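Read through the structure below, which is laid out as C-alpha cells, and then see the notes.
The values are calculated or read from the model by the stated rules, or taken from the named source; none is laboratory data. Every value quoted in this text rests on a predicted model; they were computed, and no experiment measured them. Note that each Cβ is placed from the backbone with ideal geometry, even for glycine, and that neighbours are counted across all protein chains shown.
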Amino acid sequence: MDRILIEGGVQLSGEISISGAKNACLALMPAALLTRQPLTLTNTPFLSDINTMRELLASLGCEVAGLQNNRIITIAADKISNHIAKYDIVRKMRASILVLGPLVAREGKAVVSLPGGCAIGARPVDIHLSALQAMGADLELKEGYIFAEATRGLQAVDYTFPVVSVGATENIVMAATLAKGKTILRNCALEPEIKDLCVCLVGMGAKIQGAGTPTITIDGVSELTGNTHSVIVDRIELGTYMLAPAISGGEVFLRGGRIDLVESFSKMLSKTGANVTALDEGVLVKGSTDGILPVNISTEPYPGFPTDLQAQMMALLTLSQGTSKLEENIFENRFMHAPELARMGANISVEGGTAQVVGVASLKGAPVMATDLRASISLILAALAARGQTVISRVYHLDRGYENVTSKLSACGAKIKRISS
Ligand code: EPZ
C-alpha cells in the first residue's frame, strides 16, 4: 500500500486549482439512468469513488466513456441490461445507493445491495426507502439487498424528510422526475450539490422548482433527454486547501474556488486569524502572522459548518493559542483522526460527539494512519506544520476524494512525496 511522506515546517506559497465536486458528480452520474440519451459531464474529478460509480453504471449495462484524461465522462443508458447493483461494488462506495431511485423510476424495478457499514457511522438508508415506499414502490430487504418494484410506475407524493439527508434528497428528486403527478418534498437538504443536480435534471427536461430550498416541487414527465453539464467546483476540497496556508503559514491562491459555497467555514477560518480574500477567479488565503486563535465549531447541514471539513479544521486548531471545542452533530464516529493527531503531539480529548482541542506550541512528525477520507487529509495538513517527517499509511482513503494531492501541495513548496510499497 502507498504511503505519503511529508517534511513539515515549510511555509506555502503558490496556486492550487480546485477540481469538480466528488459529491456532485456521484449524484449526477446516476441521473444518466433516467434517460435513453447520453449524459455528458464535464469538469469531473479523477477519483477512485468516481471510477467505482463508473464501474457500477457499466455493470447495469450503461456505456461509460472517459475523455480528456477523464475530465469528461459520457454515460449512455439507452439499454439497461442488468437491474442488480452488486454488493462487491456497492460496499466500496455508499453513494451507490443513488442508482436506486433512478432505476425504479425508469425501469420499475431495482435490486440494490445495502451499503453496509462505514467508518464514520451507521449511515442507514431508511429515509431513502421510506420515501420510495411513499411513492408506491414495493420494497423488500432480503439477504443484504433491497428489492424494489413499481410496476405501475412511481406516484407523486407530498413527503417530508424526517431528517435532513443529502443522499435521500438526491435519490427522491431523481425518482420524482419520472413519477406521475406533482411531487412535493419538504425538509430537503440544501447542499449546493443538490442544486447542481437539479440544474442538470432541468437541462434534461425535468420540471423542478425550489432547488436549494427546503421545499422542492417536481412535476413528473414521461421521459427525459440527454444533456451536457459542467460539475460544480468542490467546496470541500476548497475548504481543505484554504487550511493549508493557515496551518503552514504563507499564502495560497485557490483557483476556481467559490467563496459563496464555503461561507460559514470561511467565517470560522477568518476567526482563527487567517486572512481570506475572495477574488474574481478564486480565493486567496494568507496564514496568520500572529498565531492561530481558538474557535468553537458545531457541524450542521448546509449552510452550517460542513461535517466534511471538521477533521481538517481540527488539525489547524491543534496549534491554536487556546482551547477549542468541536461538536460533530451529523455522524456518530467522525473523530478517528484525533488519536492519530495525538501521535503528532496534539492535545485532544473526545467525549461522545464533542472534541476538546487544547492548542500546543508545535506538532512533531510521526508515522500515522489514515482511517477515512477526511481524516486522511487532516493528517496531511497537520504534517505540513509539524517539525520533522510524517509518514501517512493507508492513503487509499485519500484517493477516494482528493486528486493529485502531492502535486497540488508540492507546487506550493510543500516537501511531500508518495511512495509505493
Ligand atoms: C453526503 O452523505 C455526503 N456524501 C457526505 O460526504 C456528507 O458528509 C454528508 O452528505 C453530510 O453532508 C455524498 O454526497 C456522496 P446524509 P449522505 O444522508 O447523503 C442520517 C465525504 O466525506 N441518515 O445527509 O450519506 C445519516 O446517518 C462524505 O465526502 C439516516 O438516518 O449523508 C446522517 O446522520 C462523507 N437515514 C444524517 O442523516 C438515511 O436514510 C445525514 O446524512 C439517510 C441519512
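Pairs are defined by a Cβ separation below 6 Å, a sequence spacing of at least 6 or placement on different chains, a first member in the range 362-381 that is touching a residue at least 12 places away in the same chain (Cβ under 8 Å), and a second member that is within 15 Å of the ligand (Cβ to nearest atom) and acidic (Asp, Glu); the pairs so defined are Arg374/Asp308. Screening the candidates Ile208, Ile172, Ile184, Ile218 for the property of being surrounded by 24 or more Cβ atoms within 10 Å (Cβ to Cβ), more than 21 Å from Ile18 (Cβ to Cβ) and more than 16 Å from the ligand (Cβ to nearest atom) yields one hit, Ile218.
Within the range 261-317, the set of residues being in a loop (DSSP other than H, G, I, E, B), in contact with a Gly (Cβ under 8 Å, 6 or more places away or on another chain) and charged (D, E, K, R) comprises Glu281, Asp290. Take Ser248 and tell me if it is in the same structural domain as Pro306 (by TED's automatic domain parsing) and buried (at least 21 other Cβ atoms within 10 Å of the Cβ). Against the criterion (in the same structural domain as Pro306 (by TED's automatic domain parsing) and buried (at least 21 other Cβ atoms within 10 Å of the Cβ)), Ser248 qualifies. Look at the range 234-258: where a residue is at negative phi and a partner is among the aromatic types (Phe, Trp, Tyr) and crowded, with 24+ Cβ neighbours inside 10 Å, sitting 6+ places away or on another chain with Cβ atoms under 6 Å, you get Gly239/Phe265; Leu254/Tyr241. Taking the conditions (1) touching a strand residue (DSSP E or B) at 6+ places or on another chain (Cβ under 9 Å); (2) crowded, with 19+ Cβ neighbours inside 10 Å; (3) of a type in the set (S, T, N, Q) in turn, Asn347 satisfies each one other than (2). Does Val163 count as in contact (Cβ under 8 Å) with a residue 12 or more places away in the chain, surrounded by fewer than 24 Cβ atoms within 10 Å (Cβ to Cβ) and in contact with a helix residue (DSSP H, G or I) (Cβ under 8 Å, 6 or more places away or on another chain)? Yes; evaluated as a whole, the condition is true for this residue.
Assessment of the range 320-335 against the conditions (within 22 Å of the chain's Cα centre (by Cα), surrounded by fewer than 23 Cβ atoms within 10 Å (Cβ to Cβ) and over 16 Å from Ala119 (Cβ atoms)) yields at least one matching residue. Looking across Leu56, Leu60, Leu67, one residue alone is modelled with pLDDT under 95, of a type outside the set (Val, Ile, Thr) and not assigned by TED's automatic domain parsing to the domain that holds Asn404. It is Leu67.
Within the range 19-40, being under 23 Å from Val233 (Cβ atoms) and away from the ligand (no atom under 15 Å from the Cβ) holds for Ala32, Leu39, Thr40.
Counting residues in the range 88-105 that are within 13 Å of the ligand (Cβ to nearest atom) and hydroxyl-bearing (Ser, Thr, Tyr) gives one or more. Note on the range 223-257: among residues that are part of a strand (DSSP E or B) and farther than 30 Å from Asp78 by Cβ, the one that is nearest to the ligand (Cβ to nearest atom) is Val233.
Residues that are at pLDDT below 95, of a type in the set (D, E, K, R) and near the ligand (Cβ under 8 Å from one of its atoms) do occur in the range 123-131, at least one of them.
Taken together, Leu279, Leu224, Leu238, Leu284 contain a single residue that is of a type outside the set (S, T, N, Q) and within 30 Å of Gly352 (Cβ to Cβ), which is Leu238. State whether one or more residues within the range 170-187 are under 21 Å from Ile127 (Cβ atoms), in contact (Cβ under 8 Å) with a residue 12 or more places away in the chain and touching a His at 6+ places or on another chain (Cβ under 9 Å). Yes; the residues of the range 170-187 include at least one that is under 21 Å from Ile127 (Cβ atoms), in contact (Cβ under 8 Å) with a residue 12 or more places away in the chain and touching a His at 6+ places or on another chain (Cβ under 9 Å).
Checking the structure you have, find out if any residue of the range 14-32 is outside any strand (DSSP E or B) and over 19 Å from the mean Cα position of the chain (by Cα). The answer is yes; a qualifying residue exists. Specify the residue that is modelled with the lowest pLDDT; the eligible residues are those in the range 322-349 that are part of a loop (DSSP other than H, G, I, E, B) and charged (D, E, K, R). So, considering only residues that are part of a loop (DSSP other than H, G, I, E, B) and charged (D, E, K, R), the one modelled with the lowest pLDDT is Glu332. Selection of the range 71-92 for residues being surrounded by fewer than 22 Cβ atoms within 10 Å (Cβ to Cβ) and assigned to a loop (DSSP other than H, G, I, E, B) yields Arg71, Asp78, Lys79, Ile80, Ser81, Asn82, His83, Lys86, Arg91, Lys92. Listed conditions (1) in the same structural domain as Leu33 (by TED's automatic domain parsing); (2) under 25 Å from the mean Cα position of the chain (by Cα) are all met by Glu237, apart from (1).
Scanning the range 346-361 for residues that are of a type outside the set (A, V, I, L, M, F, W, C) and either without any contact (Cβ under 8 Å) to a residue 24 or more places away in the chain or within 14 Å of Ile247 (Cβ to Cβ) (or both) turns up Ser349, Glu351, Gly352, Gly359. Here Gln37 passes the criteria (1) in contact with a strand residue (DSSP E or B) (Cβ under 6 Å, 6 or more places away or on another chain); (2) part of a loop (DSSP other than H, G, I, E, B) except the one numbered (1).
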